[in-house]
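K.L.:
For reference, the structure I am asking about is given below.
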Amino acid sequence: MKRVAILISGGGSNMVALAQSMIGDHPARPVVVVSNDPDAGGLAKAEQLGIPREVVDHREFHKDRNAFEGVLHQTLEHHAPDIICLAGFMRILTGAFTSRYEGRMLNIHPSLLPKYKGLHTHARALENGDADHGCTVHEVTAALDDGPILGQARMAVKAGDTPDTLAARLLPLEHALYPAVLRRYARGDRTPVKLP
């Protein structure tokens, strides 16, 4: 059984989708939810799900990224994860950190990578007049929103869509895609998942 650590910064809706999927014959189980924000709404949800919680508040390190990542690494290692899932974790991780978990760390990003790495993906898709939008699960590497693509979910952009409506319609696809990729990945299968 693979041990999964989930990193969050906010409400944790993708964390909940992942955790709720890891039941029955699933080859993995959640062992800890870690947040860089002590006020993240996802921490209460993790408690309700019975998952241990940890906080490594990045603000306490006064922009010393190496010190923050050192404590984050120690916190994770205490729970001995086999796989780390970034689920709305809003800190950019250095290559020194990601290399420790190479081949074991996943992220979900709200665009059809390699399009729109970074922030404001919904607005950028609309500005460019894209007919399709979606989300991507990928392995984490040192480069931002890069790494091998493990799954994508695609949807049509509708007339009158705004960044907020795109985000709202994309969320259920994220909640379907990430668990599907994790189930496959935990079995050692890196074949990309395509939804719908």
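The values are calculated or read from the model by the stated rules, or taken from the named source; none is laboratory data. Just so it is clear, the structure is predicted and the values come from calculations on it, not from any experiment. Cβ coordinates were reconstructed from backbone atoms using ideal geometry, including for glycine residues, and neighbour counts include every protein chain displayed. In case anyone asks, the SASA skips ligands and DNA or RNA and just uses the protein heavy atoms, side chains included. Shrake-Rupley method; radii C 1.70, N 1.55, O 1.52, S 1.80 Å.
K.L.:
What's the local net charge at Lys115, with K and R +1, D and E -1, over the other residues with C-beta under 11 Å away?
P.N.:
For residues surrounding Lys115, the net value is -1.
K.L.:
For the chain, give the share of DSSP beta bridges that are antiparallel, in percent and rounded to the nearest 5; count only bridges with both residues there.
P.N.:
Bridges in the chain that DSSP calls antiparallel: roughly 35 percent.
K.L.:
Among residues other than Glu60 whose Cβ falls under 14 Å from its Cβ, what is the net charge (Lys/Arg +1, Asp/Glu -1)?
P.N.:
Result for the neighbourhood of Glu60: -2.
K.L.:
So if I take the centroid of the Cα atoms in region 143-196 and the same for region 1-78, what is the distance between those two points in Å?
P.N.:
For region 143-196 versus region 1-78, the Cα centre distance is 20 Å.
K.L.:
Which lysines have a Cα lying under 25 Å from the Cα of Lys45, excluding residues fewer than 8 positions away in the same chain?
P.N.:
Cross-link targets: Lys2.
K.L.:
Using Cα positions and a limit of under 18 Å, work out the lysines in reach of Lys115, with same-chain residues fewer than 8 apart set aside.
P.N.:
Lys194
K.L.:
Could you tally the net charge around Gly24, taking each other residue with its Cβ under 15 Å from the Cβ of Gly24, Lys/Arg +1 and Asp/Glu -1? Present the calculation step by step, with values, prior to reporting the outcome.
P.N.:
Details: positive: Lys2, Arg29, Arg183, Arg187; negative: Asp25.
So the surrounding residues net to +3.
K.L.:
May I pose another question? Each label point is 7 Å from the Cα along the Cα-to-Cβ direction; what then is the distance between the points at Gln48 and Ala131, in nm?
P.N.:
It is 4.0 nm.
K.L.:
Then there's this: Short version: what are the Cα gyration tensor semi-axes of region 122-183, square root of 5 times each eigenvalue, largest first, in whole Å?
P.N.:
Semi-axes from the Cα gyration tensor: 22, 14, 9 Å.
K.L.:
Convex hull volume of the Cα atoms in the chain, per residue, in Å³?
P.N.:
Residue-normalised Cα hull volume stands at 115 Å³.
K.L.:
Can you compute the FRET efficiency between Thr162 and Ile92 using 1/(1 + (r/R0)^6), with r the Cβ-Cβ distance and R0 = 35 Å? Round to the nearest 0.05.
P.N.:
The value I calculate is 0.85.
K.L.:
Exactly which trypsin sites (Lys or Arg not before Pro) in region 61-159 are in a DSSP loop and have at most 12 other Cβ atoms within 10 Å? It would help to have the intermediate numbers written out before the result.
P.N.:
Numbers: sites: Lys63, Arg65, Arg91, Arg100, Arg104, Lys115, Lys117, Arg124, Arg154, Lys158; in loops: Lys63, Arg91, Arg104, Lys115, Lys117, Lys158.
Listed in order of number, the matching sites are Lys63, Lys158.
K.L.:
If you build a Gaussian network model of the chain, linking Cα atoms that sit under 10 Å apart, which residue out of His62, His26, His175 swings the most?
P.N.:
Comparing His62, His26, His175 in a Gaussian network model of the chain, the most mobile one is His62.
K.L.:
So which residue, out of Gly147, Gly12, Gly129, gets the largest mean-square fluctuation from a GNM of the chain using Cα contacts under 10 Å as springs?
P.N.:
Gly129
K.L.:
Rounded to a whole number, what % of the accessible area of the chain do carbon and sulfur atoms account for, probe 1.4 Å?
P.N.:
The computed percentage sits at 53.
K.L.:
Stretch Leu195-Asn66 to full length: gain in nm at 0.36 nm per residue minus the Cα-Cα span? All intermediate terms of the calculation are to be shown ahead of the outcome.
P.N.:
Values: separation 129, 0.36 × 129 = 46.44 nm, distance 3.72 nm.
The span from Leu195 to Asn66 would gain 42.7 nm if fully extended.
K.L.:
Continuing with the same structure: Over region 71-196, what is the relative contact order in percent, taking alpha-carbon pairs closer than 8 angstrom and at least six residues apart?
P.N.:
Averaging sequence separation for qualifying contacts and normalising by length gives 22 percent for region 71-196.
K.L.:
Along the charge dipole of region 150-196, which of Gly160, His175, Val193 sits closest to the positive end, that is, farthest toward it, with unit charges on the beta carbon of Lys, Arg, Asp and Glu (+1, +1, -1, -1)?
P.N.:
Result: Val193.
K.L.:
Starting from one equal scatterer on each C-alpha and no solvent at all, send me the Debye-based log10 I(q)/I(0) for region 1-59 at q = 0.13, 0.15, 0.16, 0.24 Å⁻¹, two decimals.
P.N.:
With no solvent term, the Cα-only Debye profile gives -0.29, -0.38, -0.43, -0.89.
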